[in-house]
Amino acid sequence: MRRVLPGLLLLLPPLLLPPGPAAATVPAPPARPGFQRLGTHGPGGSPGRRLAPGVPPRAPYSGAGQPGGAGAAGFCKSRPLDLVFIIDSSRSVRPLEFTKVKTFVSRIIDNLDIGAADTRVAVVNYASTVNIEFHLQTHLDKKSLKQAVGRIAPLSTGTMSGLAIQTAMEKAFTVEAGARGPSSNIPKVAIIVTDGRPQDQVNEVAARARAAGIELYAVGVDRADRESLRMIASEPLDEHVFYVETYGVIEKLSSRFQETFCAVDPCMLGTHGCQHVCVSDGDGKHHCECSQGYALNADKKTCSAIDKCALNTHGCEHICVNDRAGSYHCECHEGYTLKEDRKACAAQDQCALGTHGCQHICVNDGAGSHHCDCYEGYTLSQDNKTCSVLDKCALGSHGCQHICVSDGAASYHCDCHTGFTLNEDKKTCSAVQEAARLTSIRDACGCEATLTFQNKVISYLQRLNTKIDDILEKLQANEYGQIHH
C-alpha cells in the first residue's frame, strides 16, 4: 500500500540552458521509464496524485503570486507539510536561470498555506558546499518567506547532491530547526532541482533519507543525469521524477506540485456521487450522508427513506403514521387528542364536546371513553345510543289523577283509589257518595220509575216462585208413586 507523503524532500538542480541558437539544436533525449518529461507543450498532469475522473487539470501559473489553476480556488487546501527545497546553484546555472529556479520555488509557495500549523518551508542551497538559507521555523508567513527566497544568491562550482540531501536530513528536518515530530503526522517532503551529474554518491544517502520518512522528488533540467534522478527519488518513480528541457519550462511544474500538495475537495468539485450530502474529511477524502429521515445504502452513496414507525424511534404515544419521503406524524386513539408536543395524547371529554351521539344522556367514563344512558321510563336500544319507551306510567306524563296502570310497552289506563270512581274522561276520579248525589240530581224522576219497575219485578218473581214450588211437589208425588207401585 502506498505511503502518502511521509516526508517530502524536493531537490532542485540548477537548470542549464545553452545560450543562443544552440539551445534549439540540442537534441531532446528520449523518454525513459520512470520519468515524466515536460516540454513547452507538455501534457497536463499532477506529480504524485491522480485526480478523479471529471476533475479538470489546473493550468500553469500566469504570474508570480497568482493561483495556479483557474479551478483551484475553493476546491483544495494544501496539506500541512515540512517542505525543504534543495536547489543546485553551481556555476553551470546562469544568473537568469537561477532566478527562474527561485521563481519556480516562489510559485509553489504561492499554492501553499504557510504558517506554524500549516506548511513550513526551508531552503538548502548547494554547489560544492552546502548552505541552509533558512530553516523551517524561520519564516511562518508567505510574504517574508518569498522575500527570503528572492534574496538567495548562487554559490560556486561543484554539484554535491549527496551532501546536500544529507545536510537537509540531519540539519533541516530536525525538531530544533522547526520540523514537527512523528506524533504530529506531518509529512516531510524534499524537492531537489539539479541540472548536472552529482559529484558524490547519492544512492545511499537518498535511501537513508527515504527510510527516515522523507519523500523525495527529483527535478532534472537540460543535461541532468537521469539515472541519478532515479536513484534520488521515492517510489513510484513516474510520480517523483521530472525532467524539463529548459529553465523556461520549469515554471510549469509549479502547477503540478500544486496538485500534488493540494487536498482536492470532491464535495466542492461535485465529483463525490453522494445522493444527498457530501461531507469533506480533509486530505481529499470525503463520505456521504443522508438528509433527515433517510439512511445510507450499502453503496455508501445513495439514500433510502427510513420507516421510523417500524423502527419504533418515533416517540408517538399512541399511533405513528408514515408519511412519504421518510417522515411521519403521530395520532391518538379515539377519545384522545394530540398534545402540543405532537407526540403525547390527552383524553377527551366527548360528552362535553357533544360528539357522543347519545339520544338522552352521555356519561363520561374517564380516559376518553363514555357510554349512553336513557331517561326514566326509557331503555337503551341495541345501538347503545338511542332510547325506547319502557313504562309510560313511570314517565309521569300519563295524566291519571290517582293511579296509572301499565298495560305493557307504551300502553296504560287510569284507576282510582278506594271510595272513588273514574270519571268519564278516564283520567280524573270522584268520590262514590258524591257520584250518587250527582246521579240523583241528574235523574230525580228516574228514581220513582225505577222503584215501580222493581216492585213489578219482585211481584212477578214471587208468582214465579210459587209456580215452581207446585211443580216440584207434583214431581215428588209422582216419583213416590212409582217407587211403591
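The values are calculated or read from the model by the stated rules, or taken from the named source; none is laboratory data. Note that this is a predicted model, so its numbers are computed, not measured. Quick reminder, even Gly has a Cβ in these numbers, built from the backbone with ideal geometry, and neighbours come from all protein chains shown. Accessible surface is based on the protein model in full, side chains and every heavy atom, while ligands, DNA and RNA are left aside. Shrake-Rupley method; radii C 1.70, N 1.55, O 1.52, S 1.80 Å.
The table below gives the values:
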| quantity | calculated |
| --- | --- |
| Any hit, the stretch 259-280, residues being aromatic (Phe, Trp, Tyr) and touching a helix residue (DSSP H, G or I) at 6+ places or on another chain (Cβ under 6 Å) | no |
| Looking only at the stretch 427-449, and only at residues there that are surrounded by 11 or more Cβ atoms within 10 Å (Cβ to Cβ) and β-branched (Val, Ile, Thr), the one that is modelled with the highest pLDDT | Thr428 |
| Residue selected from the stretch 307-331 under the condition at pLDDT 80 or above and of a type in the set (A, V, I, L, M), by the criterion surrounded by the most Cβ atoms within 10 Å (Cβ to Cβ) | Ile319 |
| Qualifying strands (runs of 3 or more DSSP E) (wholly inside the stretch 308-392; at least 3 residues being within 30 Å of Cys414 (Cβ to Cβ)) | 378-380, 387-389 |
| Lone qualifier among Thr99, Thr138, Thr103 - being at negative phi, open to solvent by 20 Å² or more (accessible area, probe 1.4 Å), β-branched (Val, Ile, Thr) and in a loop (DSSP other than H, G, I, E, B) | Thr138 |
| Close pairs from the stretch 196-217: first closer than 23 Å to Ser156 by Cα, partner open to solvent by 20 Å² or more (accessible area, probe 1.4 Å) and polar (S, T, N, Q), Cβ under 6 Å, at least 6 apart | Gly196/Ser92; Val205/Gln166 |
| Any hit, the stretch 188-196, residues being out of contact with any strand residue (DSSP E or B) (no Cβ under 6 Å at 6 or more places or on another chain) and either part of a helix (DSSP H, G or I) or open to solvent by 70 Å² or more (accessible area, probe 1.4 Å) (or both) | no |
| Flag for Cys288 being open to solvent by less than 40 Å² (accessible area, probe 1.4 Å), at pLDDT 90 or above, in a loop (DSSP other than H, G, I, E, B) and over 30 Å from Asp365 (Cα atoms) | no |
| Number of the exception - Ser90 against (1) surrounded by fewer than 22 Cβ atoms within 10 Å (Cβ to Cβ); (2) in contact (Cβ under 8 Å) with a residue 12 or more places away in the chain | (1) |
| Residue tally, condition under 15 Å from Ile192 (Cβ atoms) and more than 43 Å from the chain's Cα centre (by Cα), over the stretch 230-270 | 12 |
| Residue match in the stretch 400-410 (condition: modelled with pLDDT of 80 or more, surrounded by fewer than 18 Cβ atoms within 10 Å (Cβ to Cβ) and touching a helix residue (DSSP H, G or I) at 6+ places or on another chain (Cβ under 8 Å)) | yes |
